[in-house]
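See below for the structure under consideration.
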C-alpha cells in the first residue's frame with residue numbers, strides 16, 4: 001500500500017492543491033481616539049495629500065519633540081516647552097509667547113491657496129490669538145492659524161492684520177479637536193470635529209490673498225509671538241485648496257492623514 005502523502009492524495013484527486021493567498025492590507029477602523037500601535041507616516045492615498053504641494057506634515061512623539069514626516073527631522077525646541085500623553089495622543093506644549101518647536105529650511109513659496117489642519121486642544125481663556133502653528137515667522141511673510149480667543153473663532157491670519165475666521169464659536173475647555181481649513185483669494189472653508197463626542201461643525205467665508213513668502217521657518221505651538229498654550233498632536237500645511245466635502249470626509253477619520261489607515265498584517 002502506498003504511503004498516504006499529500007502528493008499521492010493529489011494524484012487521486014482526494015486533496016485539493018494548497019493555494020497561497022497573497023499578502024493583503026487590512027484597514028484600520030476609523031476612530032476619533034489616538035491610533036496607538038500604528039506608525040505615523042505620509043499617507044499618499046489621502047485626497048488632501050494629492051491636491052497641491054505638501055509643505056509640512058508632522059506629529060508629536062513620546063520623547064518630547066515634534067517630528068517632520070517629510071524630512072525625518074526633529075524640531076529645535078526654543079524656550080520653555082513641554083510634552084505629554086493626552087487623551088488625543090502625545091502632544092507638545094508651549095508655555096509662553098517665546099516658546100515653540102521650530103523647523104528651519106522650509107519652503108519660501110508664496111502660495112495662492114493653502115490647506116492647514118491639526119489635532120489640537122486649544123486654550124480659550126486667553127485674550128489674544130492662540131495659533132497652533134505659523135508657517136513663516138517674519139512680520140511680512142507666511143501665515144499663522146489657530147484660535148482667536150477673544151472671539152472664540154478659528155482663524156487664518158496674515159501678518160499686518162489680514163485674517164479670515166470661521167463663523168463657529170468654540171467655547172470648549174480642554175476639548176480635543178480636529179480642525180481643518182482651506183483658503184484662497186475667493187473663499188475659506190472650515191471644518192471642526194470634537195474628538196470627545198464626535199460633533200462636527202462646518203462654515204465658509206470670504207478668501208484671503210497671500211502675497212508675501214515665508215521666511216523658511218515654521219513654528220509649532222506659537223505664531224508671530226502669540227502663545228498657543230494648548231497641546232498639539234499633529235499638524236500639516238499644503239498649497240492646495242479643498243472644498244467642504246473633502247474636509248468633511250477627512251473629519252470622519254481625522255488621524256488618517258498622519259497615521260495611514262492601511263497596515264500590512266502579513267500573509268493570511
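The values are calculated or read from the model by the stated rules, or taken from the named source; none is laboratory data. On a predicted model such as this, the values are computed, not experimentally measured, just so you know. Reconstructed Cβ throughout: ideal geometry from the backbone, glycine too, with neighbour counts over all protein chains shown.
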- prompt: In segment 52-62, how many are over 15 Å from residue 234 (Cα atoms) and either surrounded by fewer than 18 Cβ atoms within 10 Å (Cβ to Cβ) or at pLDDT below 90 (or both)?
  reply: 1
- prompt: Of the residues that make up segment 86-98, is at least one at pLDDT 80 or above and either in a loop (DSSP other than H, G, I, E, B) or surrounded by fewer than 21 Cβ atoms within 10 Å (Cβ to Cβ) (or both)?
  reply: no
query: Can you name the condition, by its number, that residue 71 falls short on among (1) at pLDDT 80 or above; (2) closer than 30 Å to residue 32 by Cβ; (3) over 16 Å from the mean Cα position of the chain (by Cα)?
result: (3)
message: I'd like to check something: does segment 222-231 contain any residue that is at pLDDT 90 or above and either surrounded by fewer than 20 Cβ atoms within 10 Å (Cβ to Cβ) or out of contact with any helix residue (DSSP H, G or I) (no Cβ under 9 Å at 6 or more places or on another chain) (or both)?
response: no
task: Select from segment 107-130 the residues that are buried (at least 21 other Cβ atoms within 10 Å of the Cβ) and at pLDDT below 85 and write down the one among them that is nearest to residue 78 (Cα to Cα).
output: 130
- prompt: Which residue out of 178, 170, 190 is farther than 15 Å from residue 33 by Cα and modelled with pLDDT of 85 or more?
  reply: 190
- request: Looking only at segment 36-46, count how many residues are within 20 Å of residue 248 (Cβ to Cβ) and surrounded by 14 or more Cβ atoms within 10 Å (Cβ to Cβ).
  value: 2
Top-ranked residue of segment 193-211 - restricted to ones that are surrounded by fewer than 17 Cβ atoms within 10 Å (Cβ to Cβ) and at pLDDT below 80, ranked as farthest from residue 114 (Cα to Cα): 211
message: Would you confirm whether or not segment 131-147 contains a residue that is surrounded by fewer than 24 Cβ atoms within 10 Å (Cβ to Cβ), at pLDDT 65 or above and in a strand (DSSP E or B)?
response: no
